[in-house]
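Visitor: The structure's right below; bear with me while I get my questions together.
The values are calculated or read from the model by the stated rules, or taken from the named source; none is laboratory data. Keep in mind the model is a prediction, meaning the values are calculated, not measured. Here Cβ is always computed from backbone atoms with ideal geometry, including for glycine, and neighbour counts include all displayed protein chains. Note: accessible area is taken over every heavy atom of the protein model, side chains too, but ligands, DNA and RNA are not part of it. Shrake-Rupley method; radii C 1.70, N 1.55, O 1.52, S 1.80 Å.
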Amino acid sequence: MGPVHDLGTNTPRNKSIRKTVFSFKTYQAIVLLLTFFAYASYHATRKTTSIVKGVLDPRTTQLGFSSWTRSYFLKTQQKEQQHSKLQNGWAPFDGVDGTAMLGQIDVAFLAMYSLGMYFTGHLGDRVDLRILLTVGMVGTGLFTTLFGAGYWLNIHSFYYFLVVQLLAGVLQSTGWPSVVAVVGNWFGKSKRGLIMGIWNAHTSVGNIAGSLIASACLSYGWGWSFAVPGILITFVGLMVFFFLPVSPDAIGIEKEEYLLKSPEKDKMTEPLLEGKPDKEDKAISFFAAWRIPGVAPFALCLFFSKLVAYTFLYWLPFYISDTAIDGEFLSDSTAGTLSTLFDVGGVIGGILAGHISDRFDARALTAACFMYCAIPAIYFYRIYGSASLYCNIALMLVNGMLVNGPYALITTAVSADLGTHSSLDGNSRALATVTAIIDGTGSVGAAIGPLLTGYISAKSWGAVFIMLMGAALVAGLLLTRLVVAELSTKLESVKLKTAGTGSLPEPNLVAHVV
């Protein structure tokens, strides 16, 4: 064990150490802020399409407005929807096949996003993450704006909008592997679940901000609902290019400068890996990343978890407007506003899941428990969500918390854990690839869920909720082996502690699964 430094003394050496630690924590704060706003801007541009659908599709003009008593904010949303500019469809989406065309665009976007994730993640371990992230954000801003440009250029070709969304999906896939890898480079394993749970609020913040920005711009023409988020993500992308430090090494901070053997040493300042300094890391192959213990079950679990989450994301506003709540129907605008509460619950769930998994050092057990608890929550929302507005809100928040909790945990802390697994022997160039594999597989489920819902909901919403409950059950079951491994490790630790050996094995969510 190295020497213990007394940071209370004012020797030149200790002054230098304190300055280095302070600088390191400052860089950590910068990384969290920049990556937070970076991915929030990704989601803001992604959310725009769902808000503008009601304007492109003339079904909006057929909606009546309920006389049910509502808050001032919801009344304001209704008045905005009645604006004359919002009641005209846009060819080719104003025909009988308009809804189907919009659905095809959604599926195309998600398909290219999930496919692109595998390639961009693999690329992220081989190029400068700052450059990759900047290109992705500026490119996303460009194609988001080009979609909106169809309004000013009077474009009515379905294939124009389809191609733009296909390319936007590819560029959006650069975001998640890049930001997780950058955050993973700066934060150690202690409290990683809690830190990333709070940080993961960017998804919900982006969804909410995107909804509000797009809604506010609609009265000026639907093109602005795309152009403004496109400009914003481009601006944030430039900030990333100029100010984001992708790793301590990239700015010249050496391990020995901040890995202090002192009473104040905090694992938050530990690098994720303790590789050999004279060994040059080589990027891991795609198939080798799949063989890392735990990657496959978590990736498949996320497939079903995101299937549930994205079905809520894309269809919850429509379901709310299509379901009588206390005997009354809500408008599309009101339903869209209420649906943001699902994201609010998601923020709470991500933080809670991260904290619990840190507290008990049990990522798989936490994720599985959340998914199992989501099953009765989904059932109750279907049965009792229509009883009253307040009941609907409460159950929506609970569902958001339980569905998005494991989704947030797996895509952040779990991905970072697996990307720095002990089997990699200190190789730090696997994080983006592993993150991309897990989230890319999950994104396939995100595309399939809303697609199936479009067909099933035409016959029965009850069948849709059965599908969601079944997916949540499968997601939990896929983690069974990892849960058993975690529980076995806990029991072994208790036995050793009881025996008074004083030597406890360090729990690890996948260390004992080979």
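Visitor: Kindly establish whether Ala227 is open to solvent by less than 10 Å² (accessible area, probe 1.4 Å), at pLDDT below 95 and in a helix (DSSP H, G or I).
Guide: No, not satisfied.
Visitor: Hey, another quick one. When the residues of segment 126-185 are narrowed to those that are in contact with a helix residue (DSSP H, G or I) (Cβ under 8 Å, 6 or more places away or on another chain), within 18 Å of Leu102 (Cα to Cα) and hydroxyl-bearing (Ser, Thr, Tyr), which ends up least open to solvent (accessible area, probe 1.4 Å)?
Guide: Among those residues, the one meeting the criterion is Thr144.
Visitor: Tell me which residues, restricted to segment 118-147, are of a type in the set (S, T, N, Q) and farther than 20 Å from Val228 by Cα.
Guide: Thr120
Visitor: Kindly indicate whether Gly193 is in contact with a Cys (Cβ under 9 Å, 6 or more places away or on another chain) and assigned to a helix (DSSP H, G or I).
Guide: no
Visitor: Oh, and also: Select from segment 186-199 the residues that are open to solvent by less than 20 Å² (accessible area, probe 1.4 Å), modelled with pLDDT of 75 or more and under 11 Å from Ala413 (Cβ atoms) and list them in ascending order.
Guide: Passing the criteria: Phe187, Met196, Gly197, Trp199.
Visitor: A follow-up question, please. Please enumerate the residues belonging to segment 457-477 that are open to solvent by 50 Å² or more (accessible area, probe 1.4 Å) and modelled with pLDDT under 95.
Guide: Selection gives Ala458, Lys459.
Visitor: With Ala40, Ala108, Ala44, Ala29 as the choices, which residue is modelled with pLDDT of 85 or more, in contact with a Leu (Cβ under 6 Å, 6 or more places away or on another chain), aliphatic (A, V, I, L, M) and part of a helix (DSSP H, G or I)?
Guide: Just a single option satisfies the conditions, and that option is Ala108.
Visitor: How many residues are open to solvent by less than 10 Å² (accessible area, probe 1.4 Å) and aliphatic (A, V, I, L, M) when one looks only at segment 206-224?
Guide: Number of matching residues: 1.
Visitor: To continue, here is another question. Go through (1) of a type outside the set (Lys, Arg); (2) closer than 29 Å to Arg481 by Cα; (3) modelled with pLDDT under 95 one by one and return the number of the condition Cys373 breaks.
Guide: Cys373 satisfies all of (1) of a type outside the set (Lys, Arg); (2) closer than 29 Å to Arg481 by Cα; (3) modelled with pLDDT under 95 except (3).
Visitor: List pairs: first residue in segment 447-459 and free of Cβ contacts under 8 Å to residues at least 24 places away in the same chain, second residue open to solvent by 20 Å² or more (accessible area, probe 1.4 Å) and not in a loop (DSSP other than H, G, I, E, B) anywhere in the structure, Cβ distance under 6 angstrom, at least six positions apart or on different chains.
Guide: Once the first residue is free of Cβ contacts under 8 Å to residues at least 24 places away in the same chain and sits in segment 447-459, its partners that are open to solvent by 20 Å² or more (accessible area, probe 1.4 Å) and not in a loop (DSSP other than H, G, I, E, B) give Ile456/Ala463.
Visitor: Is it the case that segment 322-331 has a residue that's at pLDDT below 90, outside any loop (DSSP other than H, G, I, E, B) and open to solvent by 20 Å² or more (accessible area, probe 1.4 Å)?
Guide: yes
Visitor: How many residues does segment 335-386 hold that are basic (Lys, Arg) and either surrounded by 24 or more Cβ atoms within 10 Å (Cβ to Cβ) or in contact with a Cys (Cβ under 6 Å, 6 or more places away or on another chain) (or both)?
Guide: Selection size over segment 335-386: 1.
Visitor: State all residues of segment 200-212 that are touching a helix residue (DSSP H, G or I) at 6+ places or on another chain (Cβ under 6 Å) and in a helix (DSSP H, G or I); if no residue qualifies, say none.
Guide: Of everything in segment 200-212, those that are touching a helix residue (DSSP H, G or I) at 6+ places or on another chain (Cβ under 6 Å) and in a helix (DSSP H, G or I) turn out to be His202, Thr203, Ser204, Val205, Gly206, Asn207, Ile208, Ala209, Gly210, Ser211.
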